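This report refers to the structure that appears directly beneath it.
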Amino acid sequence: MTSSESETQARLLAQALPFMQKYENKTIVVKYGGHAMGDSTLGKAFAEDIALLKQSGINPIVVHGGGPQIGAMLTKMGIESKFEGGLRVTDAKTVEIVEMVLAGSINKEIVALINQTGEWAIGLCGKDGNMVFAEKAKKTVIDPDSNIERVLDLGFVGEVTEVDRTLLDLLAKSEMIPVIAPVAPGRDGATYNINADTFAGAIAGALHASRLLFLTDVPGVLDKNKELIKELTVSQARALIKDGTISGGMIPKVETCIDAIKAGVQGVVILNGKTPHSVLLEIFTEGAGTLIVP
C-alpha cells in the first residue's frame, strides 16, 4: 500500500468515526430485497456491510422480501399467480410455497453470505419465539365502474398485530445477527405472508430502532426536478404526496416510512440498494438516500 493510499484510508476512517460513535449500541433494521438480492456481487457487498455494522458496535437486524423468487417457484410448481388490486392472492397451497421460499432458501442464502464474512447470522421468521403475530389483511378497492368500495379476499396475506421483542433483545446481547423472513402465525393457527416493508417497519417500531433502511431500486425521494431530497419531516412528506411530487410506487413506500415513525422509529431512510455498500454509505457518511424524520 502506498503512502497516499494509507492517508486516504486514514482520512476515511477519521470521517466515519463520529458516525460510528453516534450509532454505537443502537439498533438499525435493514429491509433487503429488490434487484440487490438477485445480484451476487451486491449480495456479497451487502453481507460485508452488515458484518461491519456489527463489528462497529451496532445491532443490525435484516428483514428480507422475495417476491420475484416466490413468483419463479410458483411457476416452477405449476401454480398460477393471481393478483387482486395489485396484490398477490395467497391461498393455502401458495402460502406453503411462500414459507418455503422466504423462510427457507432465501433466508439461508442471506445467512450464509453474512456467515462467510466471519460474523454469526441466524435465520428466523415471525414464528420463531412467537416474535410476530398477524391477522388476515383487510384490503379494499374502489370499483372504477360502480364507484362502490369492495373488500378484497387475499387469502393468507397478513398484517402484523403483535411483536414480542424478547428473542430479538436476547440476540442483541449476543454476537448473533438476526435475518428475518416476513412470515408469521395468526392466533387462528394459520400462517400469513406479510409485506416485507410493513413487517420491517413493525419490527423496527417495536425495538424503537435508531434507523430503518429501505433498500430500493431508486436513490430516494426526488423533487419535481428529479433531484434527491436528502431529508423530510413527516408533514413535509405528506405535503409532497398531496401535491403529486411523490407519486406512483413511492407513495406506499413513504407511507410505510411514516407508519414506522409513528410506531417509534427515530428515522427511516429510502436509498438505492443497487449501489454497492449503500448501507455503509448511509450510516458512516452524511447519508446516501432520503431520511424521513418525525
*Looking at (1) touching a strand residue (DSSP E or B) at 6+ places or on another chain (Cβ under 6 Å); (2) over 21 Å from Ala190 (Cβ atoms); (3) not charged (D, E, K, R), find the lone condition where Gly57 falls short.*
(1)
*Spot the failing condition for Glu162; the list is (1) assigned to a strand (DSSP E or B); (2) open to solvent by less than 10 Å² (accessible area, probe 1.4 Å); (3) of a type outside the set (Val, Ile, Thr); (4) closer than 16 Å to Val132 by Cβ, and only one is missed.*
(2)
*For the range 32-46, state whether one or more residues are under 21 Å from Ala206 (Cα atoms), of a type outside the set (A, V, I, L, M) and either buried (at least 19 other Cβ atoms within 10 Å of the Cβ) or at pLDDT 70 or above (or both).*
yes
_Residues of the range 234-252 classified as assigned to a helix (DSSP H, G or I) and out of contact with any strand residue (DSSP E or B) (no Cβ under 6 Å at 6 or more places or on another chain), total_ = 11
*Give the range 80-109 a look and list any residue that's touching an Asp or Glu at 6+ places or on another chain (Cβ under 9 Å) and of a type in the set (Lys, Arg), or say none.*
Lys82
*Residues in the range 66-85: is at least one surrounded by 16 or more Cβ atoms within 10 Å (Cβ to Cβ), touching a strand residue (DSSP E or B) at 6+ places or on another chain (Cβ under 6 Å) and not in a helix (DSSP H, G or I)?*
no
*asked:* For the range 260-294, give me each residue that is open to solvent by 10 Å² or more (accessible area, probe 1.4 Å), closer than 20 Å to Thr198 by Cβ and out of contact with any Gly (no Cβ under 6 Å at 6 or more places or on another chain).
replied: Ile261, Lys262, Gln266, Pro294
_Residue ID - farthest from the chain's Cα centre (by Cα), chosen from residues in the range 253-278 that are among the charged types (D, E, K, R) and part of a helix (DSSP H, G or I)_ = Lys262
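The values are calculated or read from the model by the stated rules, or taken from the named source; none is laboratory data. Computed from a prediction, not measured in an experiment: that's the story for all the values here. Heads up, the Cβs are rebuilt from the backbone with ideal geometry, glycines too, and the neighbour counts pull from every protein chain shown. Just so you know, the surface numbers come from the protein's heavy atoms only, side chains and all, with ligands and any DNA or RNA stripped out. Shrake-Rupley method; radii C 1.70, N 1.55, O 1.52, S 1.80 Å.
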